[in-house]
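The structure appears right after this line, and notes come after that.
The values are calculated or read from the model by the stated rules, or taken from the named source; none is laboratory data. Model, not experiment: these values are computed from the prediction. Note that each Cβ is placed from the backbone with ideal geometry, even for glycine, and that neighbours are counted across all protein chains shown. Accessible surface is based on the protein model in full, side chains and every heavy atom, while ligands, DNA and RNA are left aside. Shrake-Rupley method; radii C 1.70, N 1.55, O 1.52, S 1.80 Å.
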Amino acid sequence: MKRSPAGEVLRAGGALAVIALLLASGGRARRAEGQARAGDAEATAVAAAAPAQMDYGLAARVARAAAMARVPERRAMTEGGEAAPAAGTPGRAVVRFTGGVPPRGALAALLAGIGARERGRIEPLGTVLVSFDPGVPWESMRGVLISLPGVVEVSPDGDDGSSGIPNDPRYPDQAWYMDAIGAAGGWDLETGSGDVIVAVIDSGADLGHAGLAANTWTNPGEVAADGVDNDGNGCIDDVHGCLFLHDEATAESCNNPAYALSEPTGDIRDDYGHGTSVASLIGTRGNDGQEITGVAWRVSLMHLKSLDCTGKGSRFDSSAAIVYAVENGARIINLSLGGGSARIPVQDAAIAFAQARGVLVVAAVGNAGGARVDFPAAIPGVLAVGATDASGTARAEFSNYGPEVGVAAPGEGMLALASFATNGSGYRLVSGTSFSTPLVSGVAALLLAADPLLDGAALHALIEAGAVDKADGPAANWDGAGVVNAQRSLQRLPASFAGLAGDGYGPLPPNTAIEALVAGKVCGRGATFEFDGGTWYTLNVDAAVATAACGSDGAAVTLRLPAQPGLTFATTWLPGANRADAFLAPAPPPRPAVPLPFRLRLPLAAKDPGPRP
């Protein structure tokens, strides 16, 4: 869901509507967005100064919220607000206008000038179906359509069919374990985004699989095969990931000279097969008519190789990979590795490094079948994943258990991709908590695609909140909060939004509490903070609160300062954006509702699958 600025605001002391885009130039907006993405010192300081009472990890998100709110309003978006992929039916696009659809004659002339024509309209929704030459790239036509007067959204059209079920030929062999985690219902709500980077720290990946290659991260700062660390990140030729093994003996036994190099390189070839299978469950390209599907149909998989051809590695190497992942943009780290009950300081430090930067770390609990959780899964804050058996409801006998377990997921007899180097068919059945873990990482990727402002703590909380609890039996807390469920977690996404704040005479002080009310009920709480010369506010609306009290898009909303109840600002939840510049006006007299492009995204509506029978 992209954040859009906009804004007509009504200042106090008069009826003059002014444009409050204090963002000024596009260059400044791009600079701020880049700063937040890079996690620079200013953005970090803002996040650190945010009020501690913000829920769902909002304190760690305020800088990113501010930057994302700066994204230009007139941009192509999908139905949920996410930047539209080049998907859907070729030669067709759904175009939404602000202020209503233009008259047919005027629109026909407008479209004719770009080689397109109207195929249908839904007047109450302000939308038109536009057709054009299917040979024209969808992204190119989207760029043209979004520039037309009055257009605020361009999204792909698609063909109706069985809802939430991908067309990948081997999906029927996956259906049982995808059903166990509520995947089909989740795909009705979100299928993923290439903007979400998931680091897979494992044995590498076989990119001979088209669906895996399509969802593999590409380092924009690196030139392939030139023997140079072009972007200066400490890894040579790391186009799709990096190798972190440094052992001459292993280089000889595995017949891979790259293992003996003193500097990390981009050689991520999978000579063991484990990493390919793990990555495939997180994010093989879905619904593309090939092979299998991952939980996230679209994602960027960063392949970091720390396990050798025998499946062994060192905690130092995996810790180095964790730091690389964080510094190169990963938001989720999958660790289908570990072992033992001893804590290693370097591993603790690496995971703390990731968590402090809002990254979710997901790790396997181990396969000894005992009442212990292996490290690194046992480190506080890590989302530790246990395994169910093939029923999807009971503990797999090999799955470790204990108080550190966060959730469980299927982990027995699952179809996954295999490295062609170790399995010529390209497929294999896998079992182990190593393969439960990527299912959870895939759900986290869907959540992050739906709301890019979520940090690791928020993802962790949402995954546990959506889980379906199962009976413990003799293995206490084997499933933690329950078996992960994509649909239920997506339905619990909070609404988040941000904007500039003032009282009509100037900016509000930082750390000023602010509330949103619908029909007199408090629906969201947040606070103001300073960023890039302005004072911003963020508000976060928990899904359960929104369901109970806050109505829907179009509901009248009042923003107020709890410390100064006489200062209020009226607005309206509207679809298409989630930002308004809130200049709080003193009352009386009461201020009329101002139609700002301001969105409260309520819980995504879909049937709750409930516990698996």
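Here is a yes/no grid of residues against (1) of a type in the set (D, E, K, R); (2) surrounded by fewer than 19 Cβ atoms within 10 Å (Cβ to Cβ); (3) touching a helix residue (DSSP H, G or I) at 6+ places or on another chain (Cβ under 7 Å); (4) over 26 Å from residue 358 (Cβ atoms):
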| residue | (1), (2), (3), (4) |
| --- | --- |
| 232 | no, yes, no, no |
| 257 | no, yes, yes, yes |
| 272 | no, no, no, yes |
| 285 | yes, no, yes, yes |
| 315 | yes, no, yes, no |
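Quick check on residue 422: is it among the β-branched types (Val, Ile, Thr) and open to solvent by less than 20 Å² (accessible area, probe 1.4 Å)? First the steps, then the outcome.
Details: among the β-branched types (Val, Ile, Thr): yes; open to solvent by less than 20 Å² (accessible area, probe 1.4 Å): no.
It is false that residue 422 is among the β-branched types (Val, Ile, Thr) and open to solvent by less than 20 Å² (accessible area, probe 1.4 Å).
For residue 433, indicate whether it is closer than 21 Å to residue 171 by Cβ and surrounded by 22 or more Cβ atoms within 10 Å (Cβ to Cβ).
Spelling it out, it is not the case that residue 433 is closer than 21 Å to residue 171 by Cβ and surrounded by 22 or more Cβ atoms within 10 Å (Cβ to Cβ).
Being outside any helix (DSSP H, G or I) and open to solvent by 40 Å² or more (accessible area, probe 1.4 Å) is the filter here; which residues of region 235-255 pass it?
From region 235-255, those outside any helix (DSSP H, G or I) are 235-247, 254-255; that's our starting set.
Across region 235-255, the qualifying residues are 240, 246, 247, 255.
Here are 277, 300: which of them is open to solvent by less than 30 Å² (accessible area, probe 1.4 Å) and in contact with a helix residue (DSSP H, G or I) (Cβ under 7 Å, 6 or more places away or on another chain)? Before you say what the answer is, go through the steps one by one.
Details: 300 fails: in contact with a helix residue (DSSP H, G or I) (Cβ under 7 Å, 6 or more places away or on another chain).
Checking each option against the conditions leaves just 277.
If I ask for residues that are assigned to a helix (DSSP H, G or I) and open to solvent by less than 40 Å² (accessible area, probe 1.4 Å), which ones from region 456-486 would you list? Spell out how you get there, then give the answer.
Filtering region 456-486 down to residues assigned to a helix (DSSP H, G or I) leaves 456-466, 486.
Correct list: 456, 458, 459, 460, 462, 463, 466, 486.
Might you check whether a residue that is among the small types (Gly, Ala, Ser) and more than 17 Å from residue 201 (Cα to Cα) occurs anywhere in region 444-453? Explain how you work it out, then say what you get.
Quick first cut of region 444-453, residues among the small types (Gly, Ala, Ser) only: 444-445, 449-450.
Then keep just the ones that are more than 17 Å from residue 201 (Cα to Cα); that gives 449-450.
Yes: one or more hits.
Given the criterion more than 14 Å from residue 201 (Cα to Cα) and either at pLDDT 95 or above or not in a helix (DSSP H, G or I) (or both), identify the matching residue among 296, 258, 279.
None of the others qualify; the one that does is 296.
Using the structure shown, decide if residue 167 is in contact (Cβ under 8 Å) with a residue 12 or more places away in the chain, surrounded by fewer than 21 Cβ atoms within 10 Å (Cβ to Cβ), within 27 Å of the chain's Cα centre (by Cα) and within 30 Å of residue 391 (Cβ to Cβ). Give the steps one after another, and end with the answer.
Details: in contact (Cβ under 8 Å) with a residue 12 or more places away in the chain: yes; surrounded by fewer than 21 Cβ atoms within 10 Å (Cβ to Cβ): yes; within 27 Å of the chain's Cα centre (by Cα): yes; within 30 Å of residue 391 (Cβ to Cβ): yes.
Yes, satisfied.
Would you be able to say whether some residue in region 122-141 is among the aliphatic types (A, V, I, L, M), within 30 Å of the chain's Cα centre (by Cα) and part of a helix (DSSP H, G or I)?
Just the residues of region 122-141 that are among the aliphatic types (A, V, I, L, M), to begin with: 122, 125, 128-130, 136, 141.
Next, only the ones that are within 30 Å of the chain's Cα centre (by Cα) stay: 125, 128-130, 136, 141.
Adding the requirement that they be part of a helix (DSSP H, G or I) leaves 125, 141.
There is at least one residue in region 122-141 that is among the aliphatic types (A, V, I, L, M), within 30 Å of the chain's Cα centre (by Cα) and part of a helix (DSSP H, G or I).
Of all residues in region 197-253, which are at pLDDT below 95 and among the β-branched types (Val, Ile, Thr)?
Listed by number, the list holds a single entry, 250.
Please tell me if residue 446 is over 18 Å from residue 199 (Cβ atoms), surrounded by 24 or more Cβ atoms within 10 Å (Cβ to Cβ) and touching a helix residue (DSSP H, G or I) at 6+ places or on another chain (Cβ under 9 Å).
It is false that residue 446 is over 18 Å from residue 199 (Cβ atoms), surrounded by 24 or more Cβ atoms within 10 Å (Cβ to Cβ) and touching a helix residue (DSSP H, G or I) at 6+ places or on another chain (Cβ under 9 Å).
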